[in-house]
Amino acid sequence: MSSNLLEVTKEIKLDHDNVRDLFDRFKAATDLKEKAALANTLVREMAIHGDAEEVSVYNDYSVLGLGDTAAHNKEEHAEIKRLVQAADKTSVDKPEFGAVIERAVTTFLTHAKEEEDDQHPLMREKLSPQDSDKLARAFLKARKMVPTRPHPAAPQTGGVAQKAAGLQGHIHDKVVETVTGRDFAPLRFSHPEI
């Protein structure tokens, strides 16, 4: 039975690893269409990850004695969202695009390393396997409901307002992606289906 339990820090790190991999592929790509698909995917994955953490994982940080850390993380997420939005608004064929996306990804990965090195060990120590599984499932469900593009002006409370705005943003973003014909790159790592 315990082999079916998910581990929340593993699911969070999987997102971080996808961003690392996508950025490596972006830097190595020479074809503009491939770079655009990789950039679209980076924007999508960073947007989904941040909002999913805010509406699921960070809500439990106070129970773990990490309430101040959740507030700090949300501040970092706000900056990441602004940078990711700048990348989303800059055309991949512009000379400055590489620097714009690099700044967004580097800021995201700096935050990710802080989570992995400082916060994840505490979470693994303090969460029972069952609580970690519950939080992992909440995170994975949230990933399916949050916006797929950055919305820095949207609520970041982790509460009902962010969830409601997120669901509306998710629908809006899917329409925008369809209408604009955005291409996406495949992800190297995938979450379990829940």
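Computed from the coordinates by the stated procedures, all read-outs in this text should not be read as laboratory data. Computed from a predicted model, the values in this text were never measured in an experiment. Cβ coordinates were reconstructed from backbone atoms using ideal geometry, including for glycine residues, and neighbour counts include every protein chain displayed.
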How far is the Cα center of segment 13-46 from the Cα center of segment 63-140, in Å?
-> 16
Which of the listed residues, His72, Gln85, Leu122, is farthest toward the dipole's positive end in segment 63-124, when Lys, Arg count +1 and Asp, Glu count -1 at the beta-carbon?
-> Gln85
Subset of Lys33/Lys113; Lys35/Lys81; Lys27/Lys126; Lys94/Lys144; Lys113/Lys134 violating a 27 Å alpha-carbon distance limit = Lys33/Lys113; Lys27/Lys126; Lys94/Lys144
Estimated vicinal HN-Hα couplings, Hz - segment 113-124 in sequence order (Karplus 6.51, -1.76, 1.60; Gly, Pro = x) = 5, 4, 4, 5, 7, 9, 8, 4, x, 5, 4, 5
May I ask you to order 15-26, 110-121 by the average number of other C-beta atoms within 10 Å around their residues, highest value first?
-> 15-26, 110-121
Given labels modelled 7 Å from the Cα in the Cβ direction, how far is it in nm from Ala99 to Arg188?
-> 2.8
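Between Leu14 and Glu125, what is 0.36 nm times their sequence separation minus the Cα-Cα distance? Round to one decimal in nm.
38.0 nm
Within 10 Å, count the other beta carbons around each residue, average over each peptide in 91-102, 133-144, 41-52, and list them highest first.
Working: 91-102: 13.8, 133-144: 18.7, 41-52: 24.5.
The most tightly packed comes first, giving 41-52, 133-144, 91-102.
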